[in-house]
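The block underneath contains the structure these notes are about, expressed in structure tokens.
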Amino acid sequence: MTAYPVVLALTGASGAPYGVRLLEVLAKQRIPVWLIASEHGMRLLREECNIKSLD
């Protein structure tokens, strides 16, 4: 079965941990993900999830 890519957008809303968990689940299922993060979304990833870079 072909997995269609998922586009995940993280904005400045305080939900970064949910986005990270979704990424983990999708990666485990080998589903391609395109991640878009606003400046505020990146700030929340750093502050709430201790993620420094999307690399």
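The values are calculated or read from the model by the stated rules, or taken from the named source; none is laboratory data. Because the structure is predicted, anything quoted here is derived from the model rather than measured. For neighbour counting, all protein chains shown are included, and Cβ atoms are generated from backbone atoms with ideal geometry for every residue, glycine included.
Summary table
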{"read-out": "Filtered residues of the range 27-39 (kept if part of a loop (DSSP other than H, G, I, E, B) and under 11 Å from A3 (Cβ atoms))", "value": "Q29, R30, I31, P32"}
{"read-out": "Identity of the residue in the range 1-36, hydroxyl-bearing (S, T, Y) and either in contact with a helix residue (DSSP H, G or I) (Cβ under 8 Å, 6 or more places away or on another chain) or under 14 Å from L54 (Cα atoms) (or both), that ends up modelled with the highest pLDDT", "value": "T11"}
{"read-out": "Number of positions in the range 27-42 that are under 9 Å from the mean Cα position of the chain (by Cα), surrounded by 12 or more Cβ atoms within 10 Å (Cβ to Cβ) and β-branched (V, I, T)", "value": "1"}
{"read-out": "Which numbered condition A3 misses (of (1) over 9 Å from the mean Cα position of the chain (by Cα); (2) among the small types (G, A, S); (3) not in a loop (DSSP other than H, G, I, E, B))", "value": "(3)"}
{"read-out": "Filter result for A16 (touching a residue at least 12 places away in the same chain (Cβ under 8 Å) and more than 13 Å from the chain's Cα centre (by Cα))", "value": "no"}
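Residues checked against (1) surrounded by 11 or more Cβ atoms within 10 Å (Cβ to Cβ); (2) part of a helix (DSSP H, G or I); (3) of a type in the set (S, T, N, Q):
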{"residue": "G12", "(1), (2), (3)": "yes, no, no"}
{"residue": "P17", "(1), (2), (3)": "yes, yes, no"}
{"residue": "R21", "(1), (2), (3)": "yes, yes, no"}
{"residue": "V25", "(1), (2), (3)": "no, yes, no"}
{"residue": "L44", "(1), (2), (3)": "yes, yes, no"}
